[in-house]
Amino acid sequence: MRRPILFVLIALSIFAAVSAEAQYSGCDRVIKADVVAIDQPYFINRLGAAMAEGMMFALKRDVVPSDTTKPLGPGNAVLRPDKRPRPMVLRANVGDCLAITFTNLLANAPVSGTTQPATRQASFHAAGMELVGSINDDGSFVGANPNALAPAVAPGNTKTYVIRATKEGPYLANTMGAVTAGENLPDDGAQQTAGLFGAVNVQPRGSFWYRSQVTAKELSAASPGSTALNQPKIDYEAKSGGVPVLRMLDDNNEIIYTDLTAIITGDPKNGYLFKDDGQPQFFKNPVEPDRLQPYREFTIEYHELSDAVQAFPIFGRNVKSGQPKSTLGSRTLQAGGDAFAINYGTGAPPRCRSDGKLRRLRLRRVLPQRLDGRRSGHGGRRAGQRAVCRCHEPVRRDGRQVEPQQPDARSRPMRRGSGR
């Protein structure tokens, strides 16, 4: 009597797995990401310079209610205590479709005591990615097109954006709710300036993605033992409580880690080596003879913080106008303030926390630099845009970041062993 029921359940589960890909034509697979936008203050260095009006993208699994007596919702969401504020990085392979379920958890009004933009609608827009369903997947509200933004007031504060990865490389991501008209017109990026930006990194077809910087506890969970020299052995497929420790995708093709850094490999069944399947990045090149080896990926986003709260008020208080803000109002001392950042941090590798009084950062477009130090691309700087590149960033064995060193002269992509 139970066998037919069991058969039906199995058939339904198989149909559900197949229908995700069948729902969107032309997708090798559908990668899912449950993303939220939240109000999130954060420090930008160890001196105390900070962003009181910070906003950021995060996975919904990485946020908790700020007031634990109330449910998670608009204005009641912050990063969990063990999660550092960082620009969010989503990943996909060439041929994948990325289905982003976006929920706007920004407060219904600007956070008191800050200069957050009044616009509370937000979205997720990845510049250069192909739209799968309709113009609504663009996450914008432009011209006569329908409004694809998500309001901050429930119900209706959730939208799904589906985009296709057609070419390998980094794609800038940002909100399109308020991209200009912040406090410092005409070059203020509004919600982007506050931190609602990130990236979508598209990897070669058939790639696997793993975390490359973890805590000692996570490293222990992924280590089945040690070598004779007491070096940890790494099981890249290890799970803890049914959740992958290092693999960035779970068994349902949902992104569960959005780290800035990653180890990109080929199929584990092929010894984590890529296969030369005709993709251009695997063409033989005498300069890089081992192009089928795994590589380490680093995402770095540059931005300016001309109106960040300064650690020392003398660098920011405009005495003449009586402006009661710790912005860079004193032009005499402006050059000495904290006004440039990388991945929300400036001055030193920051110990970012989720408390404190913080303010907004300004984003400008800068040209990415190759690892040999030369500039790539061309064009001027434009307010509210960033550049993403890959760079050298060594880490300690326990996964903690150390002071960055000079990059070697290799061209992208970096290969295993060149990132330490």
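The values are calculated or read from the model by the stated rules, or taken from the named source; none is laboratory data. These figures come from a predicted structure and were not determined experimentally. Neighbour counts are summed over all protein chains in view; Cβ atoms, including those assigned to glycine, are modelled from backbone coordinates with ideal geometry.
Descriptive notes on the structure:
- Failed item in (1) modelled with pLDDT of 90 or more; (2) assigned to a loop (DSSP other than H, G, I, E, B); (3) surrounded by 16 or more Cβ atoms within 10 Å (Cβ to Cβ), with D188 passing the rest: (1)
- The listed residues are V111, V142, V30, and the only one of them that is β-branched (V, I, T) and at pLDDT 90 or above turns out to be V30.
- Test: R91 is touching a residue at least 60 places away in the same chain (Cβ under 8 Å), of a type in the set (K, R) and assigned to a loop (DSSP other than H, G, I, E, B): no
- Members of region 54-73 found to be in a loop (DSSP other than H, G, I, E, B) and touching a Pro at 6+ places or on another chain (Cβ under 9 Å), listed by number: G54, P65, P71, L72
- Odd one out for Q281, checked against (1) in contact (Cβ under 8 Å) with a residue 12 or more places away in the chain; (2) polar (S, T, N, Q); (3) part of a loop (DSSP other than H, G, I, E, B): (3)
- Taking region 48-91 as the range and being more than 18 Å from V35 (Cβ to Cβ) and buried (at least 18 other Cβ atoms within 10 Å of the Cβ) as the test, the residues that pass are A49, A50, M51, A52, E53.
- For N145, the conditions (1) crowded, with 17+ Cβ neighbours inside 10 Å; (2) without any contact (Cβ under 8 Å) to a residue 24 or more places away in the chain all hold with the exception of (1).
- Summed over region 262-293, the residues that are surrounded by 19 or more Cβ atoms within 10 Å (Cβ to Cβ) and either closer than 30 Å to M56 by Cα or of a type in the set (S, T, Y) (or both) give a count of 4.
- Scanning region 217-262 for residues that are part of a loop (DSSP other than H, G, I, E, B), under 23 Å from the mean Cα position of the chain (by Cα) and not hydroxyl-bearing (S, T, Y) yields E237, V245, L246, M248, D250, D251, N252, N253, I256, D259, L260.
- Matching residues in region 149-161 - criterion: being surrounded by 21 or more Cβ atoms within 10 Å (Cβ to Cβ) and either among the aliphatic types (A, V, I, L, M) or in contact with a Leu (Cβ under 7 Å, 6 or more places away or on another chain) (or both): L149, A150, A152
- Which listed residue is surrounded by 15 or more Cβ atoms within 10 Å (Cβ to Cβ), without any contact (Cβ under 8 Å) to a residue 60 or more places away in the chain and hydroxyl-bearing (S, T, Y), from S207, S223, S212, S240: S223
- Filter result (closer than 16 Å to N93 by Cβ and in contact with a Ser or Thr (Cβ under 7 Å, 6 or more places away or on another chain)) within region 267-296: Y272, P294
- Some residue of region 163-181 being in a strand (DSSP E or B), more than 30 Å from A339 (Cα to Cα), under 19 Å from the mean Cα position of the chain (by Cα) and among the β-branched types (V, I, T): yes
- Qualifying residue in region 37-56 (condition: among the small types (G, A, S), touching a Lys or Arg at 6+ places or on another chain (Cβ under 8 Å) and at pLDDT 95 or above): no
Here is a yes/no grid of residues against (1) free of Cβ contacts under 8 Å to residues at least 24 places away in the same chain; (2) surrounded by 20 or more Cβ atoms within 10 Å (Cβ to Cβ); (3) more than 19 Å from the chain's Cα centre (by Cα); (4) not in a loop (DSSP other than H, G, I, E, B):
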residue	(1), (2), (3), (4)
P110	no, no, yes, no
Q116	no, yes, yes, no
T119	no, no, yes, no
T193	no, yes, no, yes
V200	no, yes, no, yes
